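The block underneath contains the structure these notes are about, expressed in C-alpha cells.
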Amino acid sequence: MIHLNIGSNLNSKYGSRFENIAIAINLLIESKIKVKKISNFYETPSYPNEFFPKFLNVGLVVNYKADCLNLFKIIKFIEKKLGRIHTKKNDPRVIDIDIIDFNSDIKKTGELILPHPKCHLRNFVLFPILQIDPNWIHPILKKNVQYLINNLSQKSRIEITRIKKNVNIKI
C-alpha cells in the first residue's frame, strides 16, 4: 500500500486549508492515482514555531501503477500548481504532500527517502494512518502504528485534534 499525507496551514487563492487539501486530492485523482481511503482532518500546532497558523492534515491510502519517483514528480507538480513556495524549512505553506510509505519500499535518492524519515515521530502522520490502516507496520522499524503512537511524547499525543469533517470528494 501507498500512504500519502497532505497538509496545509495557509489559505490560498483557491480557498481555505480544507479546500487546498480537497483540491490536491482531486488533482491526484486526475493524475491517475487511485484514492482508496482518506482519513478525517486532523489539526495540530505548527512545529517548531507554534505561533504560525495551525496545520490541517489528512492521510490517504492510494494505488499507483508507476514507480515512486513518478509519483514524487506528480506531487511536486500539484504543490506548485496550488501555489506552494519553498521557503525556509517549517515555514507556513499552502500545501505539503508527502509520500510516507510506498509499498514498504526502502529507498534513498537525492530527492526522496522512503519510508518518510520522520513519519514515526509525527502525530499528524500516525493518527490518520491509525484511522485508515490500523495494521500498518513501519517498513524499517517493523513496529505497528499503535506502538509508534504510544512512543510519542504525551504532549504530541494530546496536541492533535481529529476534526469530524471529511474531505469533500468522491472516491
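The values are calculated or read from the model by the stated rules, or taken from the named source; none is laboratory data. Since we're looking at a predicted model, the values are computed, not measured. Don't worry about glycine lacking a Cβ; one is built from the backbone with ideal geometry, like all the others, and counts go over all protein chains shown.
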Tell me, which residue of segment 19-44 that is touching a Phe, Trp or Tyr at 6+ places or on another chain (Cβ under 7 Å) and not in a strand (DSSP E or B) is nearest to TYR64 (Cα to Cα)? ILE33
Cβ pairs under 8 Å, 6+ apart or interchain, first in segment 40-60 and over 19 Å from ILE158 (Cβ atoms), second assigned to a loop (DSSP other than H, G, I, E, B) and of a type in the set (A, V, I, L, M), ordered by first then second residue, are PRO53/LEU10; VAL58/VAL167
From the list LYS80, LYS34, which residue is under 15 Å from ASP98 (Cα atoms) and surrounded by fewer than 15 Cβ atoms within 10 Å (Cβ to Cβ)? LYS80
For segment 81-92, give me each residue that is at pLDDT 95 or above and closer than 17 Å to ARG122 by Cβ. none
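Any chance segment 84-96 includes a residue that's part of a loop (DSSP other than H, G, I, E, B), among the acidic types (Asp, Glu) and either surrounded by 14 or more Cβ atoms within 10 Å (Cβ to Cβ) or free of Cβ contacts under 8 Å to residues at least 40 places away in the same chain (or both)?
yes
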Scanning segment 1-18 for residues that are surrounded by fewer than 20 Cβ atoms within 10 Å (Cβ to Cβ), touching a residue at least 60 places away in the same chain (Cβ under 8 Å) and outside any loop (DSSP other than H, G, I, E, B) gives SER12, PHE18
Here the qualifying pairs (Cβ atoms under 6 Å; residues six or more apart or on different chains; first in segment 106-118 and closer than 16 Å to LEU71 by Cβ; second surrounded by 14 or more Cβ atoms within 10 Å (Cβ to Cβ) and of a type in the set (A, V, I, L, M, F, W, C)) come out as LYS107/LEU114; LEU112/PHE72; LEU114/PHE102; HIS116/ILE100
Restricting to segment 126-163, give me the number of residues that are surrounded by fewer than 16 Cβ atoms within 10 Å (Cβ to Cβ), closer than 18 Å to HIS116 by Cα and among the charged types (D, E, K, R). 2
